[in-house]
Structure formats: structure tokens, C-alpha cells
Amino acid sequence: MNQDGTQAIRRAAAILQRIAHVTEDEPTSLRRISESVGLPRSTAHRILKCLTDTGLAHYDQKTRRYEIGMLSYELGLAVTDRVLQLAPWAGAVDRVAQRANVTTYLMRRSGMEAVCVHKAEGRQVIRVIPVDVGQRRYLGVGAGATALLAGLPDDTVERVIAVVTPELDAYSDLTPERIREAVAATRASGFAESQGRAYRSIYGLGVGVRAHAPDPDIAISIAAHAPEVDDRRIAEWKDIITEEIATTQKRLAAGA
């Protein structure tokens, strides 16, 4: 494949990753996509048309925004060993959601991002869903992504912060310094907590897990309506998450 073909693939992949991001400020408009990937609008529009023609992306006429297409979803359903390795942890997420009665996520580290690979909803009246399956966040944005960032070496943390800083305006109360403070707090307590930093009125709690790599490569996190959260519930959620992680690790060790 020539250089132009390789470049086109890289650009298309970058655009698909941008579409899968979750932000509050026009996350998937043509303007936002072209600016975030550093391409002229005409170039971004041409690539987006190809992606929508093939079904890898979809354009919603009502909202005038792009979203991940059905072909991308169908390709993601292919069963591989790496997918099967996540199954026990998806089960842990289901149990946390049932016991804690809150929306619970399994996040996987992907480069400088965290991608939601599984979600389970609790039975609460007000359901909080700041991210859905397949959507991506930069490391440091939200509890699960912060738990993953905190498990990386200091120099890597700084490189990630440098990359994500231009994107932080899209979130309610995130700055490089607040991410550093959250990383330090996570390392001290073992739990990443996020209250209103990525999304207003949402409390998040996350724990990084070393599942298939030396550094935490997955995280289990929860999201709850902040006004309903108190110290007693937080302590209860921490116990539940800790217990389910330990139980899953023991089952995996026994089956090894």
C-alpha cells in the first residue's frame, strides 16, 4: 500500500475514534471532528462520506451529527480470544450493578483512551449513563479513565495530560492540574472518584485492574446521580467493587 493509502486509513481511524468520544459540546459535528483531528473540513467531509457510504459511520439528519455505524458494530461482535478474556470481568460488572444498584461499567485502556466495553444498569429511579458501550474517553476523564491513568508511570501520565489538554474545554470542570490531583488521590486511596469534573451532577467511582498487562488495563467503575450520594453509600460501593474484583481474580486463578 502506498503512503497516501496508509495516510487515508490513519485519518479514517482517527475520525472514527473522534466520533466515538463522549463530550458535552457538539461531540460529533463536522466542525468539531475536523478541528479535533487537524484536517480541513473538506477533507474530513470526504472521509466521512466514505465512512457513511460503507456503514462504518452514520449521519443523523435530525441532530446533524455523526455516530458509529452498524458495520463498525457488527465487526466488533466478532469473537476472539481477547474478547473472551473480558467475559469474567463483564460478569463482575453485572454483579456490581445488581448489588450496588447503580450503572456500572467495564472500561478498557486503549492507548491514551478508555473505551467502554460493557455496561450494566442498576434499578435506581434516576439512571445515570454518561458513557455507553463502544464510546471512548481520554484517560483522566471520568472515574474509570482516571483509575487507568493513575496506574501508569509518571512520565506516561504527563504525556497523556499533554495530549488531552486541548480537549478539556469540552468538559464541565477539568484542567491538567485537576487531573494530576485526581491521579495522586487515586494512588493514595486505590479508588478514583469524580464528582462533577467530567459531567455535572454525576458522581463516579472507579478501580483499575491488572487483568492482562503489568499496568492496569481495565477498570470497573460506577456512575450515580450526585445528589443521592453520601459517605455511607460510597463506602458500601467500595466494598462491593473490591469484593467482586477479588472474587473474579480467585476464579480466574483457580481456572488457570
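The values are calculated or read from the model by the stated rules, or taken from the named source; none is laboratory data. From a predicted model like this one, the values you see are computed outputs, not experimental measurements. Glycine gets a Cβ as well: all are built from the backbone with ideal geometry, and neighbour counts include every protein chain shown. Surface accessibility is based on the protein's heavy atoms, side chains included, excluding ligands, DNA and RNA. Shrake-Rupley method; radii C 1.70, N 1.55, O 1.52, S 1.80 Å.
Listed values, structure above:
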read-out: Single residue of region 174-191 satisfying the filter (part of a loop (DSSP other than H, G, I, E, B) and surrounded by 15 or more Cβ atoms within 10 Å (Cβ to Cβ)) that is modelled with the highest pLDDT; value: F191
read-out: Hey, S194 outside any helix (DSSP H, G or I), open to solvent by less than 70 Å² (accessible area, probe 1.4 Å), under 20 Å from Q98 (Cα atoms) and of a type outside the set (F, W, Y) or not; value: no
read-out: Of all residues making up region 14-59, the number that are open to solvent by 40 Å² or more (accessible area, probe 1.4 Å), hydrophobic (A, V, I, L, M, F, W, C) and modelled with pLDDT of 90 or more; value: 2
